[in-house]
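Structure record follows, encoded as structure tokens.
The values are calculated or read from the model by the stated rules, or taken from the named source; none is laboratory data. Note that the structure is a prediction, hence the values are computed from the model and not measured. Every residue, glycine among them, receives a Cβ derived from its backbone with ideal geometry; neighbour counts consider all protein chains shown. Accessible surface is based on the protein model in full, side chains and every heavy atom, while ligands, DNA and RNA are left aside. Shrake-Rupley method; radii C 1.70, N 1.55, O 1.52, S 1.80 Å.
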Amino acid sequence: QVQLVESGGGLVQPGGSLRLSCAASVSIFSIYAMGWYRQAPGKQRELVARITSGGRTNYADSVKGRFTISRDNAKNTVYLQMNNLKPEDTAVYYCHAERGSLSYWGQGTQVTVSS
């Protein structure tokens with residue numbers, strides 16, 4: 001069983017920055033693809049960014065150039081650096097781990113962008 005614990009969410013003004021962290025309790029963390037998803041009220045959960053075990057990344061068009069996903073396999077942690085935040089980035093952000101048919105979710109962390 002994999003446990004994912006997110007941290008780093010909060011309230012930030014438009015144009016501000018936050019860094020989300022997701023710590024995974026799993027052996028051989030490096031073989032998992034990791035992702036960040038978000039869900040705003042009344043909307044479906046959507047992919048924000050994903051990083052493969054080999055370090056390849058992909059992003060939602062809405063966050064390209066503003067968000068950066070990275071991983072530290074030595075710390076079993078994946079990060080999401082979010083810059084130039086906008087009110088439309090407000091959502092609960094979820095960490096996700098996948099390997100083949102295995103899929104695990106964190107409990108989510110709230111990000112609110114408001115003046």
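For GLU46, are the conditions met, namely being within 13 Å of the chain's Cα centre (by Cα), open to solvent by 10 Å² or more (accessible area, probe 1.4 Å), at pLDDT 95 or above and more than 16 Å from SER30 (Cβ to Cβ)?
yes
Do you know which residues across region 78-103 are more than 11 Å from the chain's Cα centre (by Cα), part of a strand (DSSP E or B) and surrounded by fewer than 18 Cβ atoms within 10 Å (Cβ to Cβ)?
GLU98, ARG99, LEU102, SER103
Going by the conditions given, is THR68 open to solvent by less than 60 Å² (accessible area, probe 1.4 Å), part of a strand (DSSP E or B) and at negative phi?
Taking the combined requirement at face value, the residue does not satisfy it.
Report whether or not SER30 is open to solvent by less than 60 Å² (accessible area, probe 1.4 Å) and either over 16 Å from the mean Cα position of the chain (by Cα) or of a type in the set (Gly, Ala, Ser) (or both).
Considered against the rule, which asks whether it is open to solvent by less than 60 Å² (accessible area, probe 1.4 Å) and either over 16 Å from the mean Cα position of the chain (by Cα) or of a type in the set (Gly, Ala, Ser) (or both), SER30 comes out as yes.
Restricting to region 1-19, give me the number of residues that are outside any loop (DSSP other than H, G, I, E, B) and either open to solvent by 60 Å² or more (accessible area, probe 1.4 Å) or of a type in the set (Ser, Thr, Tyr) (or both).
Total meeting the criteria: 5.
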